[in-house]
Every structure is written in structure tokens, then in C-alpha cells.
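The values are calculated or read from the model by the stated rules, or taken from the named source; none is laboratory data. This one's a predicted model, so the numbers in the text were calculated from it and none came from an experiment. Backbone-built Cβ (ideal geometry, glycine too); neighbour counts: all protein chains shown. Remember, those area values only see protein heavy atoms, side chains included, never the ligands or the DNA or RNA. Shrake-Rupley method; radii C 1.70, N 1.55, O 1.52, S 1.80 Å.
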Protein chains: 4
Amino acid sequence: MIRVGVFGASGYAGFETVQLLKNHPAAELVFATSESSAGQSLSDIYPVPWNIPLAPVAEATLEQVEAVFCCLPHGASMPTVISARKAGVRVIDLSADFRLADAELYRHWYQVPHESPALLNEAVYGLTEVNRDQVRAATLLANPGCYPTSVLLALYPLLKAGLLDPAAPIIADSKSGVSGAGRKPALKTHFVEINENLAPYNIGRSHRHVPEMVQTIDRLGGSGERLIFSPHLAPVSRGMLSTVYVSLVQDVTPEAAHRLFTGTYAREPLVWVLPSDHLATIGHTRRTNRCAISITPVNPRQLILVSSIDNLGKGAAGQAVQNFNVMFGLEESAGLV
Amino acid sequence: MIRVGVFGASGYAGFETVQLLKNHPAAELVFATSESSAGQSLSDIYPVPWNIPLAPVAEATLEQVEAVFCCLPHGASMPTVISARKAGVRVIDLSADFRLADAELYRHWYQVPHESPALLNEAVYGLTEVNRDQVRAATLLANPGCYPTSVLLALYPLLKAGLLDPAAPIIADSKSGVSGAGRKPALKTHFVEINENLAPYNIGRSHRHVPEMVQTIDRLGGSGERLIFSPHLAPVSRGMLSTVYVSLVQDVTPEAAHRLFTGTYAREPLVWVLPSDHLATIGHTRRTNRCAISITPVNPRQLILVSSIDNLGKGAAGQAVQNFNVMFGLEESAGLV
Amino acid sequence: MIRVGVFGASGYAGFETVQLLKNHPAAELVFATSESSAGQSLSDIYPVPWNIPLAPVAEATLEQVEAVFCCLPHGASMPTVISARKAGVRVIDLSADFRLADAELYRHWYQVPHESPALLNEAVYGLTEVNRDQVRAATLLANPGCYPTSVLLALYPLLKAGLLDPAAPIIADSKSGVSGAGRKPALKTHFVEINENLAPYNIGRSHRHVPEMVQTIDRLGGSGERLIFSPHLAPVSRGMLSTVYVSLVQDVTPEAAHRLFTGTYAREPLVWVLPSDHLATIGHTRRTNRCAISITPVNPRQLILVSSIDNLGKGAAGQAVQNFNVMFGLEESAGLV
Amino acid sequence: MIRVGVFGASGYAGFETVQLLKNHPAAELVFATSESSAGQSLSDIYPVPWNIPLAPVAEATLEQVEAVFCCLPHGASMPTVISARKAGVRVIDLSADFRLADAELYRHWYQVPHESPALLNEAVYGLTEVNRDQVRAATLLANPGCYPTSVLLALYPLLKAGLLDPAAPIIADSKSGVSGAGRKPALKTHFVEINENLAPYNIGRSHRHVPEMVQTIDRLGGSGERLIFSPHLAPVSRGMLSTVYVSLVQDVTPEAAHRLFTGTYAREPLVWVLPSDHLATIGHTRRTNRCAISITPVNPRQLILVSSIDNLGKGAAGQAVQNFNVMFGLEESAGLV
């Protein structure tokens, strides 16, 4: 059993991570922290019968674990990650703090200076299906954001094949469940404001996940600058659907387009390419750790990709555990299906 | 046109009151206040195209109005009501501050001393169908709570007829929409906590609306001490359903039971007694200002009454405007249907 | 008072039409029909206290009315419209049967031959803001579909100004409430299938509303063939949001883009152009008869337009009554705000 | 591995049963049937990647299994159960067909004659915590209804202790998720009818689950005739909450009341008695196979019990698998936590 700890266990992503680890065949949860609920048990803050104590971060016993999952908010994650790395513990960080390779870019988008640009060089961007080889050896893993996961997995086969038209926009229209906005009460997540509503926010090039997607699109040879991204908040608790519109550099038949996706993801345990006459819905991945993708040709040069993940599963805790599995040489889907 | 003002226009009940007054054939809105959003317009805080400015309470022009609707929270309402009465303005208070005739009882349940026990003598409890004559002359009207409105309108015909068994429990199992919990963000009203959930709270004799119901049941000759009240929060934005279980002092046929209700409410424009084979649902009153009631006999001595209101309509703003109409000699349902 | 009848009053759009007419200052409802509920009253099939009898179509008293609203399903509408026109009654048809000018195109998309190509010449496409002059004189008005209304009102100012790039795709990603799918029970509208889900369907160029949008885009000088349209079913009862991505033929500043929209719609009572820092949400138009539009520039050549309507309001019954008002010389927003 | 089959795998309870068996450590699914979807795979009718073929009932290979789960509708279940018993296969029947010991009572409530009164003697009512000893040896197990499970587990400790006042009503006010109404499309389960609504139905003594509850209450020495039961349909997909009001024959302190429940259920792996200051909510058991119960004393003679289950978990498939585990000598919670 690999001994692990979880920082920030009281938020939605942290709680989901604890749940996955609790049922994991090869992990043992040694500690879970929460600043806001320190001294309480998980059963005090969630309707579950688990007496898992919540310690303050300062009391985390780093010396007793081999790996930690850091589920703290952006900014708050940095010092904890730095401490854990100093203690020689492998880190899976679910925040955005180590996703952008460029410290200046981080400062621009997150409005705080980066506290450890050196660690940025160590960090591996954990989009598992794309970076598996680097993930294996990672000591500091930056777990991707939920929106980037859903959009990038849809684009990856086309980017890899060099089929995306570099001059045409890549339009990702995404719809997210409300748990993605965190558990801290706010008017925007009030039931009455969300229910019977659907609301775009930070559309165009203004959401913080844009530079994260741009970085990966560029690394894969695409034109990140052509990305247009429109997130919407939808009245569901969990789930995320990205409808992605792309243009191709050459004519592609519907069969070839579909084959490209099934081929690329043939051996992937956590990506499900739907049959060619199906469309992905949030229901295809709800409460799972997989990504489902459908491909709809509009004409020989244009495709609509629909990508579905659970924002807390493949979009956060599920992918974190998937990366943990890869990092420790376990079966990749252990504890995830 | 009767000139009116609204205190506390940015909360759900205040906003609903403004909406009703805006469309009211005989009222003219002179001012609307909000402490949290002072200086802004209603269109800044709700998705509506109405440039209605929000002033701080201190700038309310009491001298320009004949009546005010006070939609402030419990406790905060008292000083404003006192000022308005000093200025000679008639007040419709939607808070609980003037509902309980006994200042000590108020202190017990609301944990603050009452600031004006003298005004409690002036206050009329505005359950319109029960107290219409007093409402007509009211200078300070205490608008009933949403739960009491739904439960008391179901009990009234039986109380009036002296049919309730004083030795048997009166059990009111109520389900409320989330707007009843207010607009201030809190974990309990977070979308993810409410959605796909249903939660009882303060059940038995512990909710603050218990003394309010007890007071009216007692005044109508019933045994308020026998009331058991269980509120539940349901995943709907608006609406309230109370399922009320009562025992009778004598055998009553289904026809007689139904006739008692249709008779009692025969001339009421805002109470709808359903046909005997129907059951009231939240849908029967959603976004209306009426109460719908169904009567289901279990046996000759036991009835189940189901009472439905919109918690912001007949349960708050709708009844407030209904009382306003009665107070000013207007048609009782003006602006309400 | 103008005497009117409603065909198909038991469906969601028909019921909404009856509600609007019931409160309309200048219309008098003479008959309402329903095949499935003939002989019953509206209060038997909806939770409302209105004893409006439902007659079979065959008993509709066309000779007593000046206008009819036809809310029957596609295909079923044709014979009724033909009868009404023979009787000299002006018709507002909410079905798709008279929207496409080309009978062959109708046959292709709806899989039935058109029964009266001659009437297609008479029919006016009732996108009020675009075709108001023709609407005034219309004897047969084809009320637009909900998706086309939301998408076309977003595009209209740009089409009118000749600013859309004819070589670039027009991408409309639309999200609709479930009432748009009709009241007839089906697995796809089952609560459990819709709730906590979000599902695309008929995306690309395969939805029946595509030819309707193409026809209007072309008439306004645009390139309808470049339209890509992706409808999604969202877990809300009412409402529709279209996020529309367009490319321009020349650089346009954010201010100029916004001014184009406010200018075009300056005198429109039922179109609300939001301030430039706002984004339209379903909440902006829920249970109203207006359209709300926001404009978000991505760069000088690309805009994201977000258009919000209530699919039963401006998307169906509301626009039908708006057209009725124009046809009969009434105030355009009579009974609608 | 114990070889099993599932009849009626395409409904919600059948699909849930298949899911549980798929992950069960000691069961092997040999066949799954569906009349409506025969010839298809589960992945054709649910958004899951499992190629589990659906056979017609007639092709079920009874000779290859040791046990079958029968998830067919009431009435349709009887002939299948009879066949399976003739083939010597142990049966867990999720329908109501073998729950009532009295064939005449069955005919009265279900409006069809019972086809095998003899088998009624063989049938064991599978409320596991109450009848575990009989369940062990059962060859035909009648799995309880969802409402009876939630109400009876709340009453059981009091019935066992002889504390219920036989002269006082037992009032169970229950709220159920929509999956309990089945997957067959109907107006009552249409999203638009359920959403933003809450509706009582068959209240008093008229729901088919009343005789089932009465039978068990009577067997345990209580007064089933005093039961009043009010089911409500709530806008959630899964979950059930019963708020149960009872009177006691003697004074009981809050501590003693709580101790009675914790004592009775001390060794039960699938019943969770909440701490005395908590109230059960649907969230306490959502997507689990347990029952959560809270106890709230109103006064020394009156308690409010709140009982929460997932209607598809402990209320159907979960309890079926729990009974299967007991019948085959497996760990009782195998595959369930």
C-alpha cells in the first residue's frame, strides 16, 4: 500500500479525491487536511459515515507519506507544494499553480507572483493520455483543469495528426456543472440563481483556463492563438460538456475522422470514443472518471467534437488518481472504474 | 395613485414586492432601498431592464409616501417600522418583528429584545382571509410568515367550525422552495447542496414560525400546543406545500368536509379550494398570489389537507399587496391576478 | 375587442398563447381546441382555475372570430390553416408549415408534401423586428421557430450592416429548455433522462430549423450555407440561450459593435441590448416575451453574440401575440410586458 | 462465483441491479433480458460502454444459473417467477407479486388474480434487517417496496420494543425521487411537469404500498390499521425521504429513544442511525445501498423519525443484492459499499 495524504479535503475536489483513495486497492490515506474544518471529521461536513479526521495543514505528517494530493485553491497551493517537495514527497497538485510553464504568464493571469519558478521546470502537465511518459517519472505533477481536459482530449487526435487548420478558429463552447465553481458560498452558486438558468461567463479569451489550453495546443503543434473558449454554468451539480468546432487543412471523410479518434484512443482505459452515430452527453460520464467523445462531420473540412467528462472525475480527482497510478506503476485505472 | 416605498428591495421578497407594485394599477413606487446595493439600480443586481435606483435606508423620503412595505430581515425591521410610524406612514411589515403580540415571546424566539412593545398593540396580523376587518383599519400590518400562511389557511375552516380535536396532534409537514431561505449566500442554499436533495430542518416545535402559528390557532379557539411542524427544504426555487394531518371531534362525511372549505372560502379571490378528487401541488400556485387547498378524508375522523402557495406570492409579497389593497379600499386582488 | 380562437390549446405553446390572450387588453378568446382533451376544460389538464372549454377542431366556430392562433404540430397545422383562410380569418401559425417559401424544401425536411403551395406565397415570415412592414398586412403569418428567433435576432444587425464575412462559418451553439420538445411524453423528456444532463442533438446542418435560418440569412444578404447550428437540450423547463460566433469583413471596435446593436434595436420594445460589460443569460428573459442580446468582441474581426429568449415567450406565443398586435394595429407590446 | 440472471434489465431497477452485479465480487451475470429492447445491448439504451446483450425473456437460460433477479413490472413478474421456481432456481423478485401473503388482498390492490397462491407460502418478505433468518433459507424472496423499506426500518425498533401507541395514528409523509415511477414515458414524469413542482398522490390509505406496510406492522405486533401514508413526487432523480410521526405508550427520554435505535441497528452494515443532533436528508444515502435514520423527540410521548434511502439502492436493487448475499452465505454488504 502506498501511503498518501490529501491537502484541502473539505472542498468538492478534495472530498472526491478522499472518496477515490478510500476505495483504492493500493493507496492508504494517512492524513486529510482542512483549514476551515480543522478538528472536525469528514462526517461533520458531508453526509457520509466516515470518521476521517481533518487536521490543519500545519499538522500534516509529510514524513509518513510517499505522495500527497494538493486540492487547495490557486495561490494557496504553492507553499504547501514547496514544503512537500522539500520533504521529498511526490506531489499531485490539482490547483493551477504549476500548470503554466511561464512564471510571468502565471502572474498575469492569477495576479500574484509565482513563489517558485524553479519548481515550474520540475512540474509535469498531467494530461495523462498526452504526456504519459513524463507522468511516469513525475515528482511534481500539475493536474490539468477541468475545461482544458475536456477540450484538449477532443483536439488531441487532430493535433497529433496535424489536421487542424492553423488559420481557422478553434471554438470551444463548454458547459460546466456547478461543483466546478467550488463549495464556498457565493451568489453565483446560490440555488435560486443557478436553477432554471444557464449563464456564460468569461467568454472569448478571458477565462484563466485559456493560457493552459493555449500552452498545450502550441506544444502539440497547433495554433493556440486561434482558440476561442466560452464557458457556461449549467444547472447540474456535476458534469461538463464541450462542443468544439474545428476546421481541417484537408478533406477528411466521416469514416477517416472517426477512425482517427478510435485509433488514437484504442488502448486508453479512460477515454471512450462513441460510435459514429452517437453524440456525447453529460450522462455518458456522470460520476465516472472517463472522458467520452463524439465526432460529427459537418462537411469534409469541418468537424464538431463533443467531449464529456465529470468535472470532479476525469476533470479533477479522477485524473489525479489516474496520474498517481501511472506515477507509482499501478494499473492506470485502479480504483477508477 | 397611492404613493409607496419599499425598504429592502434587493432581497427576494423585496424584489417581488417591487415587481408587483410596478404593475399595480393604483400604486406608484416612490423609493426603493437597499443597504448592500445602495447607489446601484435594480438592473445591476437582477437580470431585469428596470432602472429603479436603490437608496440607502437613511435617504428614504418617508414624507412623500402614504405607505411603505418593509422587507428587511427580522430585527433590522424594527427601527425602520418605528420611524415610519412616527412619520405617520402606514406600514406593511414582511418581517417577523410585529407578528407575535407578546414581546417576551419575541425575545425568546428571536434572541433580541423587542424595541417597541407599544407598537405591538397597534400591529394587526395580516392573514387577510381571517382578519380582514382589522386589516382594513391597520396602520401597522404584520404580514404573516410563509409557513404560517400555508398551514393556517388549511386549518381555518376547521378551527372556525370548532371541528378540530383539541386532544389530537395537528401535524404540518411542509416543503419549501429555496428562495424562502433568502438571497444571502450560505452553504445550505448552495446549488450543489440543494440539488438532488431534500432536507428537513428545525422539525417538531423548534422553528420560529411555530409561535406564530400557535398564536393564531389559539385565537381561533384551537389547541396550538398540539401543533407539530416539520419544515423541509426542497430543490425548487419557489413554492411551498404543506401536508396537514388533523383529527376531528365528530364524524364528518367527505362531502361535508369539502363543503365546509368551499363554503368558508366561497367569496375569497385568492383562495382556491380544489375539486374533491384533486390534490394540491406546488404547480397549482407557482408564480401566483393565491393559495390552493385540497381536502382528503382518510376516515370520518381524520383529514389530510394539502395547502399550496408560492412562498414569495401569497407567502410574502403577494399577501403584502393584498393587505395593502384592503387597507386602502382597493379591489382586493388588484395587481395580483 | 378582437375576437380570436386558438387551435391546439393543450400543448405548451398553445397553453401559453391562451394565457397571454386571457390577459390581453384587446383580445377576446372565443374558442380553444384540443383533439386529445376535447370535452374537457383547461383546468382539467393544467393546474389553473380557468374553466375554458376545449372543443375538437371540427367544432371551432371560425365564423365568430377575426383571427386564429394555430398551435398544432407540424403537418397537422396545414389543413386547419387552409380552412381558416378559406373562411377569411387571419391566421397566426406557430407551426413550421408555412415558414419555408419553397414547397420542395418543406417536403425534404418534413417528409410530407406541402398541401397548399399557393398559400406559401401569401405567408409572411413573422420575425417581427425584421419584417414588421409585411407583418402589418399579413393574412397568413408564419411565426418563426424558437431557435431561428434567437439566432436571427443576434445576427440581424450584422447582416443588415453587411458586416458578416461570407467566407467564414456562422456558428450557433444553442441550449434549449425542455418545454420546447413538446408535452407529449417521450423518453427524451423523462425527468430522469434530462435532470443532471445536457445533451446535444441534430447538430451541424441536420436540425429542421436550419433551412428556416438559412432562408432568412440569405434574404438579408448573408451566406446561409455557412451556418453551423448545434442545439442542446438543457435541464430547464423554459428558456433558450444561443451563443453565436461570427467573423467580420472588416475591423470593428468594441464600441462600434455595441453601437450597431443598440442603434438597430433602439426603438424595439421587445429586444433588450445589454450594456457592453454584461452577458445574456436565460434569466434575462425567463417568463418574458423579450429577447436579450449581449455582444462580446474577441478581436477586431470576431464577435461572440449571446442571445436569450424564453422559448415559449419570444420563441413562440409571445412573438405570435406580438405579430397579432402588429397585424391589428395595436400597441406592439400590448399584453406582453 | 454464483451464476445469476436478471429479468427486466432495461428499467431503472433492473439496470441498477445489473450495475451492482457487474461489480459484485461473487456474482457472475449470465443473462439479462428485456422485452422492449431485446436484441440490443445495454449500451444502446443507457449511456454506458457495456456490451451486455439483452435477450427476450423466452431465451433466458435458466438452466445455467443459480439465482435470478426479477425486475419486471407487477403482474408480469408472476409467470417468470413461477418458471424459475419450477426450474429450481432461487428467485429474488423486485415486483410486488409475492409480497402480500394473502392472494385475495393481492387481487384487491392489483386488480388481477394471483396466479400462484401456493408460491405465496414459500415467499419470504425480504426486509433484511427484520427477517434475516428466513431470508437465509429463502428460495423465493419478495423484495420489499421502496416506501415500505423506508417507513418500516424507521418503525422497527419501536415495534420490536412494543412502544408504539396502538390507538394513535402512525403518519408517514414520504417524498420520492422520480426514478421510482419507472422509465416508461408518461405525462407525470415529463421533466416540465416534475421540475419546480412537488406533488402528493394516492395519499391516506390508497397507495398500493399500504397493505404491504400494514402486513409487516401487524406481524411485528403493531396496529397497521392506524397507518396513514402520504407519498409525494419530488424533483430529484433518485432518493426517498420518509418523515414519520409516532406516539408512544410511555414516556421515553431523548437519550433512551436514540439508544433504542442505535442498539437495534448496532450490527447492521446497511443501516446508519445518525447522531442525536442530526437530521437525515436524501443526501445521506444518495447513490448508496444504506438506510439513514434520525430520531427527533417532540415530547416524551411523540417522536419524529426521518428515514432516508436511495429508492434504487436500499429501496430496490441494493436490498435485492443484500438479500442475495444473505441467501448465498456471502458477506451481507458484498458489492454494496
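Of all residues in the stretch B:282-298 being within 8 Å of chain D (Cβ to nearest Cβ) and open to solvent by 20 Å² or more (accessible area, probe 1.4 Å), which is nearest to residue B:240 (Cα to Cα)? My answer is B:286. Considering the conditions (1) touching a strand residue (DSSP E or B) at 6+ places or on another chain (Cβ under 8 Å); (2) assigned to a loop (DSSP other than H, G, I, E, B); (3) among the polar types (S, T, N, Q), residue C:323 is excluded by exactly one of them, (2). Screening residue D:17 against (1) touching a Phe, Trp or Tyr at 6+ places or on another chain (Cβ under 9 Å); (2) assigned to a loop (DSSP other than H, G, I, E, B); (3) crowded, with 18+ Cβ neighbours inside 10 Å; (4) of a type outside the set (Lys, Arg) leaves a single unmet condition, (2). Within the stretch A:28-48, residues that are farther than 19 Å from residue A:335 by Cβ and part of a strand (DSSP E or B) sit with their Cβ atoms under 9 Å from residues that are open to solvent by 20 Å² or more (accessible area, probe 1.4 Å) and aromatic (Phe, Trp, Tyr), at 6+ positions apart or across chains, in these pairs: A:41/A:50.
Among the residues here, residue C:305 does not qualify as open to solvent by 40 Å² or more (accessible area, probe 1.4 Å), out of contact with any Asp or Glu (no Cβ under 9 Å at 6 or more places or on another chain) and touching a residue at least 60 places away in the same chain (Cβ under 8 Å). Inspect all residues belonging to the stretch D:254-264 and state whether any of them is free of Cβ contacts under 8 Å to residues at least 60 places away in the same chain and within 14 Å of chain B (Cβ to nearest Cβ). Yes, that holds for at least one residue. For residue C:267, state whether it is out of contact with any strand residue (DSSP E or B) (no Cβ under 7 Å at 6 or more places or on another chain) and either open to solvent by less than 50 Å² (accessible area, probe 1.4 Å) or away from chain A (no Cβ under 14 Å) (or both). Answer is yes for this residue. Just a yes or no: is a residue in the stretch C:269-279 in contact with a Pro (Cβ under 6 Å, 6 or more places away or on another chain) and more than 19 Å from residue C:130 (Cβ to Cβ)? Yes: the stretch C:269-279 contains one or more residues that are in contact with a Pro (Cβ under 6 Å, 6 or more places away or on another chain) and more than 19 Å from residue C:130 (Cβ to Cβ). In the stretch D:129-151, the condition of being assigned to a loop (DSSP other than H, G, I, E, B), within 23 Å of residue D:293 (Cβ to Cβ), aliphatic (A, V, I, L, M) and in contact (Cβ under 8 Å) with a residue 40 or more places away in the chain is met by no residue.
Taking the residues in the stretch A:212-226 that are farther than 19 Å from residue A:103 by Cβ and without any contact (Cβ under 8 Å) to a residue 60 or more places away in the chain as candidates, determine which candidate is most open to solvent (accessible area, probe 1.4 Å). The extreme case among them is A:225. Per the listing A:86, A:22, the residue uniquely without any contact (Cβ under 8 Å) to a residue 60 or more places away in the chain, open to solvent by 20 Å² or more (accessible area, probe 1.4 Å) and touching a strand residue (DSSP E or B) at 6+ places or on another chain (Cβ under 7 Å) is A:22. Among residues of the stretch B:49-60 being within 24 Å of residue C:271 (Cα to Cα) and part of a loop (DSSP other than H, G, I, E, B), the one that is most open to solvent (accessible area, probe 1.4 Å) is B:51. The one condition from (1) over 15 Å from the mean Cα position of the chain (by Cα); (2) open to solvent by 40 Å² or more (accessible area, probe 1.4 Å); (3) closer than 22 Å to residue D:262 by Cβ that residue D:132 does not meet is (1).
When residues in the stretch C:186-196 are screened for being in a helix (DSSP H, G or I) and open to solvent by 20 Å² or more (accessible area, probe 1.4 Å), 4 of them pass. The sole residue among A:63, A:35 that is more than 14 Å from every other protein chain (Cβ to nearest Cβ), farther than 17 Å from residue A:183 by Cβ and open to solvent by 20 Å² or more (accessible area, probe 1.4 Å) is A:63. I'd like the residue in the stretch B:197-209 that is more than 7 Å from every other protein chain (Cβ to nearest Cβ) and over 16 Å from residue D:304 (Cβ atoms) and, out of all such residues, is most open to solvent (accessible area, probe 1.4 Å). Only one residue fits best here, namely B:208. If you check C:279, C:336, C:305 for being more than 14 Å from chain A (Cβ to nearest Cβ) and at pLDDT 95 or above, only one passes: C:336. Tell me, please, whether a residue that is over 17 Å from the mean Cα position of the chain (by Cα) and more than 14 Å from chain B (Cβ to nearest Cβ) can be found in the stretch C:308-322. No, every residue in the stretch C:308-322 fails to be over 17 Å from the mean Cα position of the chain (by Cα) and more than 14 Å from chain B (Cβ to nearest Cβ). Residue C:244 satisfies every condition listed in (1) more than 9 Å from chain A (Cβ to nearest Cβ); (2) open to solvent by less than 20 Å² (accessible area, probe 1.4 Å); (3) within 21 Å of residue B:49 (Cα to Cα) except (3). Of all the listed residues (B:11, B:5), the sole one being touching a residue at least 12 places away in the same chain (Cβ under 8 Å), open to solvent by less than 50 Å² (accessible area, probe 1.4 Å), more than 14 Å from chain C (Cβ to nearest Cβ) and under 19 Å from residue B:75 (Cα atoms) is B:11.
Taken as a whole, the stretch B:107-121 holds no residue that is closer than 15 Å to residue B:323 by Cβ and small (Gly, Ala, Ser). Against the criterion of being aromatic (Phe, Trp, Tyr) and within 14 Å of chain D (Cβ to nearest Cβ), residue C:229 does not qualify. In the stretch A:155-180, the qualifying residues are those that are within 14 Å of chain C (Cβ to nearest Cβ) and open to solvent by 20 Å² or more (accessible area, probe 1.4 Å), and the one that is farthest from the chain's Cα centre (by Cα) is A:167.
Evaluation of residue C:183 against the conditions (1) in a helix (DSSP H, G or I); (2) surrounded by fewer than 24 Cβ atoms within 10 Å (Cβ to Cβ); (3) in contact with an Asp or Glu (Cβ under 9 Å, 6 or more places away or on another chain) shows that the sole unmet condition is (1). Among the residues of the stretch A:181-196, those that are within 9 Å of chain B (Cβ to nearest Cβ) and not charged (D, E, K, R) comprise A:181, A:185, A:186, A:187, A:189, A:190, A:191, A:192, A:194, A:195.
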